[in-house]
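Computed from the coordinates by the stated procedures, all read-outs in this text should not be read as laboratory data. For clarity, every value in this text was computed on a predicted model and none was experimentally measured. Quick reminder, even Gly has a Cβ in these numbers, built from the backbone with ideal geometry, and neighbours come from all protein chains shown.
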Amino acid sequence: MPALSGKLLPRRWAGAGLSPRSSAVDLRLLEIESSLAIIFPSSCICNFTHLHKTSKIGCDNFVLVQILAAFCAVARFLGVSMLPVIESEFPVSGDRSSLPLYERVKEQIKEKIASGQWLTNHRIPSENEMVDMLGVSRMTANRALRELATEGVIVRVQGRGSFVAPKKRSAGLMGVRNIADEIKERGSTHRPSLILAQTEVCGPDLATALEIGVGTKVFHSIIVHHEDDVPIQLEDRFVNAEIAPDYLMQDFTTLTPNAYLTAAAPISRTEQFIEAASPQPWECKLMAISRNEPCLLVRRRTWSSSRAVTSVRLLYPGSRYRLESQE
C-alpha cells in the first residue's frame, strides 16, 4: 500500500507506533477506531491500533476495513461524527451530548468568537470544510451557519463565505444622519459603490412624492454603502432637479448624497416611514444577501423651504443593522 505523501498523523495518534507517513489503510483504521470510540467508549472493539501493532489485524485486510467503513457510514447517518471533534478546529468543552449535532456546531463556533480566537470579520470555515473537519453532514453545517446568521452572530456574504459579525450597527431612529458619519463614529471604514446616476422623467407616483408635475425631469441615484466592506445600506434616491441642479455632477465616491443635499438645500421638514420588507432580486444581488433575509426599509422625504427635495428608499439587512431611538 503506497504511503500518503505529506500526510502527518494527528497528535492523538502519535503514540500508535506508526510511521510519520502512514499508509491510507493505516489512517483509515485509526479513523474508524475514533468513530467507534465515540459510539462505544468502553468497548474493546475500538482498539484497532493495538490489534494492528500486535499483527492480529494487518493493513492489507481490505475487507475488514470496508466493513468497518460501512459501519461508520451508518453511524454518520445516525448523527455520530466520524472524525473526533477534539482533533478539529472546534474543541469540545462541557457535556453537549444531549444537544442536536447542529446545536453543538453552533456552540463551538460561539465559543471561538466569545474567547476572542475569532475576531470580527474572521472567515468561518465553509460548509464543505466543516464536513471534512467535523464529519457532520452538509445539511447539519448549513443549518448551523444559517441559524447563526439569523441570530446575528455571523454574516454570510454570497460568493465570499461567512464571517464573524461585528457588533450590530445602530442608527438614530429620528432625524436624518449621514451614513458615512455613522460608520466613522463606530471606528469603521465607509466605502460607497455608485451603481447608477442618471436623469429620468418622473411618473405619477414619483410626481406626487416630490410634489411636481408628471413628466418633470428628476435625478436618480443608487448607491450601496459598505462598512468595513460589508454592505449595510442600499440607497435608492430621487432628487428634484430644480432644487439641486448640480446633483449628478458630484463625486459620490467621496461625498454622500445626504451630505451634498443637506448643504445645497437645508432641511426644513422630514417624513419617514419604517417597515419590514423582503428584498427584491436585484437588491439581493447588490447587497449580497439571500431572498429570505429580513430587511428594514426606511422611506424618507425631505423638504427645504416648503419644497420637496428628495424621496429615498433605504434598505438595511436585518442581520447587519438596527435602528434605535432614545428620548
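Applied to the range 223-237, the Karplus parametrisation 6.51 cos²θ - 1.76 cosθ + 1.60 on θ = phi - 60° returns per-residue 3J(HN,Hα) values of 9, 9, 9, 10, 10, 6, 6, 9, x, 10, 8, 10, 9, 10, 10 Hz, with x for Gly and Pro. Local charge for residue 273 was computed over the other residues whose Cβ lies under 14 Å away, with Lys and Arg +1 and Asp and Glu -1, and equals +2. In this calculation the C-beta distance from residue 201 to residue 292 is compared with R0 = 25 Å, giving a FRET efficiency of 0.10. The 3J(HN,Hα) values that the Karplus relation (6.51, -1.76, 1.60; θ = phi - 60°) gives for the range 187-192 are, in residue order, x, 10, 9, 8, 9, x Hz. Gly and Pro appear as x.
Going from the residue with the fewest nearby Cβ atoms within 10 Å to the one with the most, 122, 225 rank 122, 225.
Annotation: amide H-H contacts under 5 Å for residue 124 (H modelled 1.01 Å from N, sequence separation of 5 or more, or interchain): 162, 163, 164. At full extension, residue 99 and residue 253 could sit 50.6 nm farther apart than now, given 0.36 nm per residue minus the alpha carbon distance. Remark: 119, 99 ranked as 119, 99, counting other beta-carbon atoms within 10 Å and listing the fewest first.
Note that the range 142-155 has calculated 3J(HN,Hα) couplings of 5, 5, 4, 5, 4, 5, 5, 5, 4, 6, x, 6, 10, 10 Hz, one per residue in order, obtained from phi through the Karplus relation 6.51 cos²θ - 1.76 cosθ + 1.60 (θ = phi - 60°); glycine and proline are x. Legend: ranking of residues 284, 295 from fewest to most surrounding C-beta atoms inside 10 Å; resulting order 284, 295.
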